[in-house]
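The values are calculated or read from the model by the stated rules, or taken from the named source; none is laboratory data. Here the structure is a predicted model, which means the values were calculated and not measured. Note that each Cβ is placed from the backbone with ideal geometry, even for glycine, and that neighbours are counted across all protein chains shown.
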Amino acid sequence: MEALNAEVSESPAELRAVGRRRLWPAIKMHRFYYLLILPGILYFLVFDYIPMFGIIIAFKDISPFQGVDAILTGEWVGLKHFERFWNSYYFWNVMQNTLLISGYKLIFGFPASILLALLLNELRNAAFKRIVQTISYLPHFISTVVVAGLVMMLLSTDGGLINNLIVAFGGESYHFLGSPGYFRSILVISHVWQTIGWGSILYLAAMSGIDPGLYEAARMDGANRFRQAWHITLPGIAPVIAIMLILSIGGLLSAGFESVLLLYSPSVYGVADIIDTYVYREGLTNLNYSFATAVGLFKNVLAMVLILGANYVSKKMNQSGIW
């Protein structure tokens with residue numbers, strides 16, 4: 001007790017000094033583990049943190065022909081590019097498309113992974129379970145470019161499987177990818193197909209940590225499998241669901257740039273043009289670097305607000321959050 005009181009009586013500076021003295025021996029002891037995470041740290045430093053210096057371009061008028069020095073020497077223009085985006089014709093269109101596409105993916109894709117995990121958890125045939133898991137995981141490892149190619153092949157008006165079936169039953173081929181009424185549905189379906197298996201891994205891992213005694217007690221009380229899943233499994237993985245939902249809400253403004261860019265065309269710009277594709281066109285096609293940077297920064301700040309808000313609400317509701 002006296003030792004505890006002595007530690008409490010130490011000043012914050014002394015506690016920090018003690019922490020530093022303990023830190024370096026711990027790092028030396030576990031140096032091989034730190035070496036394992038070093039490539040990941042370097043990746044984020046080089047590709048995520050160092051490029052953040054370029055954010056200042058959003059507050060200047062920079063031309064690609066002015067050279068790198070213009071990033072530091074260019075004239076400050078304040079919020080000019082942000083105001084231009086907010087007042088532009090495209091603002092509400094790209095915001096609406098981004099939120100709708102991401103919202104559909106969240107509504108249909110997020111519960112799909114949980115449902116698949118619940119179904120796999122109920123399988124008692126281990127061989128069949130492994131086969132289903134392998135088949136559902138495989139699409140995650142397929143490149144987005146390949147997935148887009150498969151979608152185009154299936155829906156092509158010239159030899160596509162879907163249109164061939166429609167023609168075989170007496171209908172006429174239809175250009176699905178060029179139809180504003182079908183484009184978002186195609187994006188969402190391909191997204192769910194590609195992510196449902198991989199997303200279920202975390203939930204299956206969380207289910208493995210639930211006490212088996214709870215299921216035995218529920219069976220003794222007469223609970224069927226549905227009741228066990230509803231009253232034991234789902235509450236048991238609720239913290240993981242909350243964390244994944246927070247991260248998904250934080251990514252609402254990232255509606256799948258690669259898939260949209262590979263599949264959309266001018267005929268569906270009205271329903272498919274999202275913030276990322278708009279930034280791509282303005283920055284790399286029209287060479288409006290400063291304006292494109294401002295739009296991208298606006299998107300990232302809004303995404304940060306969304307993830308902070310979702311984390312706050314989650315902690316208020318069930319005390320689970322990412323911090």
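Contact annotation: residue pairs with Cβ atoms under 8 Å, 6 or more positions apart or on different chains, pairing a residue in segment 272-297 that is closer than 18 Å to TRP76 by Cβ with a partner that is outside any helix (DSSP H, G or I) and not charged (D, E, K, R), are TYR289/ILE62; TYR289/SER63; TYR289/PRO64; SER290/ILE62; SER290/VAL77.
Restricting segment 146-175 to residues that are β-branched (Val, Ile, Thr) and closer than 18 Å to TRP198 by Cβ leaves a set whose member that is surrounded by the fewest Cβ atoms within 10 Å (Cβ to Cβ) is VAL146. In the set VAL151, VAL94, VAL146, only one residue is touching a Ser or Thr at 6+ places or on another chain (Cβ under 7 Å), aliphatic (A, V, I, L, M) and outside any loop (DSSP other than H, G, I, E, B); that residue is VAL151. Within segment 185-198, residues that are within 16 Å of LEU262 (Cβ to Cβ) and not assigned by TED's automatic domain parsing to the domain that holds ASN121 reach no partner that is at pLDDT below 90 and not β-branched (Val, Ile, Thr) with beta carbons closer than 7 Å at six or more positions or on different chains.
So that you can scan it fast, the table gives a plain yes or no per residue for (1) at pLDDT 90 or above; (2) within 30 Å of VAL268 (Cβ to Cβ); (3) among the aliphatic types (A, V, I, L, M):
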residue	(1), (2), (3)
ILE196	yes, yes, yes
ILE210	no, no, yes
GLY213	no, no, no
GLU216	no, no, no
ILE232	no, no, yes
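Does MET304 fit the bill of being out of contact with any Pro (no Cβ under 9 Å at 6 or more places or on another chain), closer than 23 Å to HIS81 by Cα and either at pLDDT 85 or above or not in a helix (DSSP H, G or I) (or both)? So MET304 passes the test. Considering only residues in segment 237-276 that are surrounded by fewer than 18 Cβ atoms within 10 Å (Cβ to Cβ) and in a loop (DSSP other than H, G, I, E, B), the one that is nearest to the chain's Cα centre (by Cα) turns out to be GLY251.
From the list SER185, SER173, SER88, the one residue that fits, being out of contact with any Leu (no Cβ under 9 Å at 6 or more places or on another chain), closer than 30 Å to TYR280 by Cβ and not in a helix (DSSP H, G or I), is SER88.
VAL94 passes every criterion in (1) loosely packed, with under 12 Cβ neighbours inside 10 Å; (2) closer than 22 Å to LEU253 by Cα apart from (1). All told, LYS129 meets the bar of being out of contact with any His (no Cβ under 6 Å at 6 or more places or on another chain), under 30 Å from ILE210 (Cα atoms) and surrounded by 15 or more Cβ atoms within 10 Å (Cβ to Cβ). Of the residues making up segment 57-77, those that are among the β-branched types (Val, Ile, Thr), in a loop (DSSP other than H, G, I, E, B) and in contact (Cβ under 8 Å) with a residue 12 or more places away in the chain are ILE62, VAL77. Selection over segment 280-304 of residues that are over 21 Å from GLY251 (Cα atoms), among the hydrophobic types (A, V, I, L, M, F, W, C) and touching a helix residue (DSSP H, G or I) at 6+ places or on another chain (Cβ under 9 Å) gives a count of 2.
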